[in-house]
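Student: What follows is a single structure, and I will ask about it in a moment.
No value in this document is a laboratory result; all are computed from the given coordinates. It should be emphasised that the depicted structure is a prediction, and the values quoted were computed from it without experimental measurement. For neighbour counting, all protein chains shown are included, and Cβ atoms are generated from backbone atoms with ideal geometry for every residue, glycine included.
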Amino acid sequence: MNETMHPTVLPRGAHHTILRGWAILAVAALALAGVALIVPALSKMPGLDTAVDWPAEFFQKGLVAHVALSFIVWFLAVAALIALTALRFPDRRDPALPGCVGLALATAGTLAIAAAPFLGGEPSLNNYVPTIVHPVYFAGLALVAVGVLIPVVQMLLRLEAPSMEARSQRPGLLALGLLYVAALVAVGIAAQQLGEPPLDFDTIERLFWGGGHLLQFANVALLLVALDRLGRMALGGGPPMGDSLTAWAAALLFLAGAGGLAIYGATEIRSDAHLTAFTDLQYALALPVLIAAWGTFTQRRRWRAARGRIAVVSLIAAALVFLIGCALGLFVDGADTRTPAHYHGVIGGINIAFYGLFYLQFLPALGRAVAQQRLALAQIIVYAVGQTLFVAGLFLAGGMGAARKSMGAGLEIEGLAVWIALALRDFGLALAVLASAAFVVLALIALL
């Protein structure tokens, strides 16, 4: 069954090449993220730890690169793909140079991030944007950010174009673009207010603290746009949340997120109040999410005519896993693995929506749809199950004192409850990793 959103394949030419390049970059970032975690883990294995002259703090550096590639680069590359596919039929007269420059910058930045663990510098396991204190790593982050900014700005300038997506998507696209710009502005303001102090953990934490929080608002906007597109394919016709509630959710999301910039004027960046203000700002995410959930409930009669198994499964699984992650956020304190349980649930839900968009929109728009539709469906199901089990295990282990950002169990292995938590965590992680690898293979076979 053809479950695509685009009625025709994007014509061959510069715009086709740019779209394909972003798709390859997004998938390659996931593949490199896996390597960035597996290879450093080998450095901790008995025998290999002394047989090879590993770089200093290689495991921690690999963890930094893994997060940057699997969260920052992957998410932002998909944002670029969403921006590029917002125009159903790009005008061939449009200059291709900006798109080529954006893709080239983001590609160079991704390679720099991937290479950073093998260079000097100390790892800093900060929240939101962990770093390696090395010019190559920071240059990589900057190149990716600017590279993605180019297609985002192009999208914002075209929101009223006749070939733009259905009107109900415009509020979500506008919120996504402006929130991304606001996140970059926040980092710029923080850099100006911090001056040029030594790049220690606290300075880096405050440099990216506000921008990282605003980027979470942009990520939720990404999810809303992705679910909107999947819902159109699954339910037919308008958005799965209804036109007006979709607009309200996007508007409140933007106002709450962009309003966070005022925190820089209201608090001193080195104060605890600054950190607390951005932490509390995240509670504002609840209202747009609840509006989206209520909007979906009001459209429940349309589910009787749902069609397209990949679209339906992606839509439902993404929403459920995301909401599980949101619910777990009510119990985090930042010290144990309940915190990564929360954000892995949220990230997992967004990942599922992205997988669905690749299978049903991005690849078909390139004329490279995945031929193995059953494998694609199975990949999404296995990932959703694995991520849910992984999150459950992390949350249970955290409740028993398992520490964050540590190699191994992080707690004393004794008692049935501990074994159950660790078994859920490890089995779920294995399923999620295998499913992610399957996505990379399926997508690369179609793209290459």
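Student: Looking at the chain, identify the longest residue range that excludes and avoids all GluC sites (Glu not before Pro) in DSSP loops having at most 12 other Cβ atoms within 10 Å.
Tutor: Numbers: sites that count: GLU160, GLU268, GLU412, GLU414.
It works out to 1-159.
Student: Can you give the extra length, in nm with one decimal, that the chain gains between VAL433 and ASP202 once fully stretched, where that is 0.36 nm per residue apart less the Cα-Cα distance? Don't skip to the end; give the middle numbers.
Tutor: Values: separation 231, 0.36 × 231 = 83.16 nm, distance 3.20 nm.
Here the segment from VAL433 to ASP202 would lengthen by 80.0 nm.
Student: By per-residue mean of other Cβ atoms within 10 Å, what is the highest-first order of 276-286, 117-127, 75-85, 376-386? Please report the intermediate quantities before stating the final value.
Tutor: Details: 276-286: 15.6, 117-127: 17.9, 75-85: 25.1, 376-386: 20.6.
The peptides rank, most packed first, as 75-85, 376-386, 117-127, 276-286.
Student: Right, here's the next one. Can you give the FRET efficiency for ARG301 and ALA335, using 1/(1 + (r/R0)^6), R0 = 30 Å, r = Cβ-Cβ distance, to the nearest 0.05? Intermediate results must be reported in sequence, preceding the final value.
Tutor: Working: r = 45 Å, r/R0 = 1.51.
Here the calculated transfer efficiency is 0.10.
Student: With +1 on the Cβ of every Lys and Arg and -1 on the Cβ of every Asp and Glu, and nothing else charged, how large is the dipole of segment 151-299 about its Cα centre, in debye rounded to the nearest 20?
Tutor: Working: 7 positive and 11 negative charges, 126 e Å.
I would put it at about 600 debye.
Student: If you place +1 on the Cβ of every Lys and Arg and -1 on the Cβ of every Asp and Glu, how big does the dipole about the Cα centre of segment 317-448 come out, in debye to the nearest 20?
Tutor: Working: 6 positive and 5 negative charges, 87 e Å.
Roughly 420 debye, rounded to the nearest 20.
Student: Could you check the simple spin-label distance between LEU157 and ASN127, using points 7 Å along Cα→Cβ, in nm with one decimal?
Tutor: 3.7 nm
Student: Which of the three applies to the chain, rounded, prolate or oblate, going by the alpha-carbon gyration tensor with a ≥ b ≥ c and a/c under 1.5 meaning rounded?
Tutor: Working: a/c = 1.34, a/b = 1.24, b/c = 1.08.
In terms of gyration-tensor shape, rounded.
Student: Moving on. Any idea how far the Cα center of segment 111-157 sits from the one of segment 274-348, in Å?
Tutor: Centre-to-centre (Cα) distance: 27 Å.
Student: Now a separate question. Using only the Cα atoms, work out Rg/Rh for segment 300-382, with Rh taken as the Kirkwood radius, to two decimals. All intermediate terms of the calculation are to be shown ahead of the outcome.
Tutor: On the way: Rg = 15.3 Å, Rh = 14.0 Å.
Checking Rg against Rh, the ratio lands at 1.09.
Student: Shifting gears a bit: Would you calculate, for the chain, the mean residue ellipticity at 222 nm contributed by helices, counting each DSSP H stretch of 4 or more residues as -39,500 (n - 2.57) and dividing by all residues, to the nearest 500?
Tutor: -22500 deg cm²/dmol
Student: When the Karplus curve 6.51 cos²θ - 1.76 cosθ + 1.60 is applied with θ = phi - 60°, which whole-Hz ³J(HN,Hα) does each residue of segment 199-216 get, with x for Gly and Pro?
Tutor: After applying 6.51 cos²θ - 1.76 cosθ + 1.60, I find 7, 8, 4, 5, 5, 5, 4, 6, 4, 9, 4, x, x, x, 5, 5, 5, 5 Hz.
Student: Using θ = phi - 60° and the Karplus curve 6.51 cos²θ - 1.76 cosθ + 1.60, what whole-Hz ³J(HN,Hα) does each residue of segment 308-320 get, with Gly and Pro shown as x?
Tutor: Whole-Hz 3J(HN,Hα) from phi for segment 308-320: x, 4, 5, 5, 5, 5, 4, 4, 5, 5, 4, 5, 5.
Student: Counting only residues 5 or more places away or on other chains, whose amide H sits under 5 Å from the amide H of ILE132 once H atoms are built in the peptide plane?
Tutor: SER124
Student: Among THR131, PHE217, LEU42, which residue has its Cα furthest toward the positive end of the charge dipole of the chain, with +1 on Lys/Arg Cβ and -1 on Asp/Glu Cβ?
Tutor: The one lying farthest along the dipole's positive direction is PHE217.
Student: What percent of all Cα-Cα pairs in segment 309-448 falls into each 5 Å bin, going from 0 up to the bin containing the maximum distance?
Tutor: 2, 11, 19, 20, 16, 12, 9, 6, 3, 1, 0
Student: While we're looking at this one, here's another question. Using the crude model of +1 on Lys and Arg Cβ and -1 on Asp and Glu Cβ, and no other charge, please compute the dipole size for the chain relative to its Cα centre, in debye to 20.
Tutor: On the way: 26 positive and 23 negative charges, 424 e Å.
So the magnitude is around 2040 debye.
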